[in-house]
Amino acid sequence: MKRVVVTGLGCITPIGNDVPSYWNSLINGKHGFAGITHFDASDLKVKVAAEVKGFDPALYMEKSEIRRTDLYAQYAIAAASQAISETGILENIEPERFGVYMGSGIGGMNTFVSETEKLLTKGPSRISPFFIPMMIGNMGSALIAMKFNAMGANLPVVSACATSTHAIGEAFRAIKHGYADAIIAGGAEATVTPLAMAGLININCMALSTTNDPDCCSIPFDKRRDGFVMGEGSGCVILEEYEHAVARGAKIYCELCGYGNTNDAYHITAPHPEGVGGAKMIEFAFAEAGIIPDKKLYINPHGTSTPLNDKTETLAIKRAIGDVAYNVKISSIKSMTGHMLGAAGAVEAIASIKALETGIIPPTVGYKEPDPECDLDYVPNVAQSTDIDKALSISLGFGGHNAGILFKKI
């Protein structure tokens, strides 16, 4: 079995369009919530989102490419480009041993909406010949492979909100078992559209928050929570076989050492009320790593700010690691980024990696009222410095998908 390390990071988020600005916002408790600008939201109950701000795709793509690429794929290419740029890996890897596992929970929603409107108003002859390639959820992964000549394994995972954690976990396994030397892994999403927002508003499990105050619309683990805020963007990590990274003198952030993957097999949108699937996923990640949880663990939970998720995720953590749960730091960055759906796991993995690197735990902001069913240490409102040597990033998706990736210092 091969060891797997992280050698590159990249992101486009509602609180920063590169890793340094994103991390600076996190540790300073700066959220990205504001009134929706992508479209007129006057007819919706929800008026607030966590939009990406000031994104310029021309920094990463030619103008001709931009016109035929959906926004989610533009975000994916940008995050991957950032991660690649700091690694120097392109001159030091065989194309056939270089892969891409870049997922999207929904894919080209902006293209789907705009082309549907065109069909209804202008007729079928006006539909773009790029409609299907722009819309499908594998195209972000494919375009990244083309851009960086990554001719190895390519797997655009789709598992709703667990997408990019699964993508990173499956990439980890591919390298661990010798199928690749390095893989670009993560996820991207761009679904701040009227159609997607209306669909989530109407889900009967209180998916989206209807609180339109930007300072208290996403408050994970707080008793007042009423749903998540839609976010968008992309996160990307470069995973590399340890000996390969050492041989080329790469900067190594940490080691990825465990991965858990389960399903609740319970409900299309609600988590299992006993948290059994989530707990087993956590147990699997630690078992693969051969690590026993202790107080030097940081957990970056799914932490969506929905009434159901936060209490059942808290229960899952306690079922998996017992009383240790009361001695570890847990914080949800969705209190600042909103829920980036298929990109959430990757940007949260980056937060976990940076926490390991710096010893700083980003806070759960907006937290005021404790919930008796959420009784752990959620690092309320202010970042904390602490001694940690491992970090677990958790993602849970509609359909009962549970994914977790475990990092450790090296």
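Given (1) more than 30 Å from Ser81 (Cα to Cα); (2) crowded, with 22+ Cβ neighbours inside 10 Å, identify the lone condition not met by Val229.
Condition not satisfied by Val229: (1).
If I go through the stretch 348-398 residue by residue, how many of them are over 16 Å from Asn327 (Cβ atoms), among the β-branched types (Val, Ile, Thr) and not in a helix (DSSP H, G or I)?
5
Within the stretch 286-302, which residues are within 21 Å of the chain's Cα centre (by Cα) and either over 30 Å from Leu200 (Cα atoms) or surrounded by fewer than 17 Cβ atoms within 10 Å (Cβ to Cβ) (or both)?
Of the stretch 286-302, the ones within 21 Å of the chain's Cα centre (by Cα) are 286, 297-302.
Within the stretch 286-302, Phe286, Leu297, Tyr298 qualify.
Among (1) in contact with a Gly (Cβ under 6 Å, 6 or more places away or on another chain); (2) free of Cβ contacts under 8 Å to residues at least 40 places away in the same chain, where does Cys236 come up short?
With (1) in contact with a Gly (Cβ under 6 Å, 6 or more places away or on another chain); (2) free of Cβ contacts under 8 Å to residues at least 40 places away in the same chain applied to Cys236, the lone miss is (2).
So in the stretch 303-347, with the set limited to residues that are out of contact with any helix residue (DSSP H, G or I) (no Cβ under 8 Å at 6 or more places or on another chain) and among the acidic types (Asp, Glu), which one is surrounded by the most Cβ atoms within 10 Å (Cβ to Cβ)?
Among those that are out of contact with any helix residue (DSSP H, G or I) (no Cβ under 8 Å at 6 or more places or on another chain) and among the acidic types (Asp, Glu), it is Asp310.
Farther than 24 Å from Leu239 by Cα, touching an Asp or Glu at 6+ places or on another chain (Cβ under 6 Å) and touching a residue at least 40 places away in the same chain (Cβ under 8 Å): does that describe Val52? Lay out the reasoning, then the answer.
Working: farther than 24 Å from Leu239 by Cα: yes; touching an Asp or Glu at 6+ places or on another chain (Cβ under 6 Å): yes; touching a residue at least 40 places away in the same chain (Cβ under 8 Å): yes.
Yes.
So which residues in the stretch 20-38 are crowded, with 16+ Cβ neighbours inside 10 Å and either within 27 Å of Thr193 (Cβ to Cβ) or without any contact (Cβ under 8 Å) to a residue 60 or more places away in the chain (or both)?
Tyr22, Ser25, Leu26, His31, Gly32, Phe33, Ile36, His38
Which residue, of Pro370, Pro293, Pro307, Pro362, is in the same structural domain as Ile268 (by TED's automatic domain parsing) and within 16 Å of Lys30 (Cβ to Cβ)?
Pro362
Test Cys236 against the stated conditions and say whether it is at pLDDT 95 or above and in a strand (DSSP E or B).
Spelling it out, Cys236 is indeed at pLDDT 95 or above and in a strand (DSSP E or B).
Could you check, for the stretch 314-327, whether at least one of its residues is in a loop (DSSP other than H, G, I, E, B) and over 30 Å from Thr193 (Cα atoms)?
no
Restricting attention to the stretch 73-87, does a residue exist that is farther than 30 Å from Pro214 by Cβ, surrounded by 21 or more Cβ atoms within 10 Å (Cβ to Cβ) and of a type in the set (Ser, Thr, Tyr)?
There is at least one residue in the stretch 73-87 that is farther than 30 Å from Pro214 by Cβ, surrounded by 21 or more Cβ atoms within 10 Å (Cβ to Cβ) and of a type in the set (Ser, Thr, Tyr).
Within the stretch 175-193, identify whether any single residue is part of a helix (DSSP H, G or I), surrounded by 22 or more Cβ atoms within 10 Å (Cβ to Cβ) and not assigned by TED's automatic domain parsing to the domain that holds Ala270, and answer yes or no.
yes
Looking at Glu241, Glu283, Glu274 in this structure, which one is out of contact with any strand residue (DSSP E or B) (no Cβ under 9 Å at 6 or more places or on another chain), at pLDDT 95 or above and either buried (at least 17 other Cβ atoms within 10 Å of the Cβ) or more than 29 Å from Gly29 (Cα to Cα) (or both)?
So the residue among Glu241, Glu283, Glu274 that is out of contact with any strand residue (DSSP E or B) (no Cβ under 9 Å at 6 or more places or on another chain), at pLDDT 95 or above and either buried (at least 17 other Cβ atoms within 10 Å of the Cβ) or more than 29 Å from Gly29 (Cα to Cα) (or both) is Glu274.
Can you spot a residue in the stretch 94-108 that is more than 30 Å from Gly258 (Cβ to Cβ), modelled with pLDDT of 95 or more and surrounded by fewer than 21 Cβ atoms within 10 Å (Cβ to Cβ)?
no
Please determine whether any residue of the stretch 359-378 is more than 17 Å from the chain's Cα centre (by Cα), over 20 Å from Thr304 (Cβ atoms), modelled with pLDDT of 95 or more and not aromatic (Phe, Trp, Tyr).
There is at least one residue in the stretch 359-378 that is more than 17 Å from the chain's Cα centre (by Cα), over 20 Å from Thr304 (Cβ atoms), modelled with pLDDT of 95 or more and not aromatic (Phe, Trp, Tyr).
Could you list all residues from the stretch 32-41 that are part of a loop (DSSP other than H, G, I, E, B) and more than 17 Å from Ile350 (Cβ to Cβ)?
Phe33, Ile36, Thr37, His38, Phe39, Asp40, Ala41
The values are calculated or read from the model by the stated rules, or taken from the named source; none is laboratory data. For clarity, every value in this text was computed on a predicted model and none was experimentally measured. Reconstructed Cβ throughout: ideal geometry from the backbone, glycine too, with neighbour counts over all protein chains shown.
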